[in-house]
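A short write-up of the structure that comes next.
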Amino acid sequence: MIKALLAHGTDLYLKDPVTMSGFSQNKIISEILYLAWFEDKRSQGPVLSEYFNPIPLETIALIFTMVCEFLILNCFFLDKSMSD
């Protein structure tokens with residue numbers, strides 16, 4: 001599955017990969033945003049809401065970086081464990 005995600009890398013960043021529309025509106029992006037900054041009313045998102053309206057490009061870039069790093073690391077370890 002991870003290899004399939006890597007093969008279609010830009011799909012992760014688009015809401016609709018077929019029409020190539022909805023940049024940064026993929027469900028995984030909003031889920032990561034929620035888990036990282038909005039999980040409860042004491043999280044940074046609600047407490048510092050003025051910094052998240054709109055979501056800064058730097059925050060979106062951080063989320064993209066985390067997704068890529070996760071996929072790369074998991075693909076590496078998946079390949080390594082399959083070759084043993």
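The values are calculated or read from the model by the stated rules, or taken from the named source; none is laboratory data. Remember, it's a predicted structure, so these values are computed and weren't measured experimentally.
Observations on the structure shown:
- Residues satisfying the stated conditions in the range 1-28, i.e. among the small types (G, A, S), modelled with pLDDT of 80 or more and within 18 Å of F70 (Cα to Cα): S24
- Of all residues in the range 29-74, exactly one satisfies the criterion of being modelled with pLDDT under 90, farther than 13 Å from L12 by Cα and β-branched (V, I, T), namely I72.
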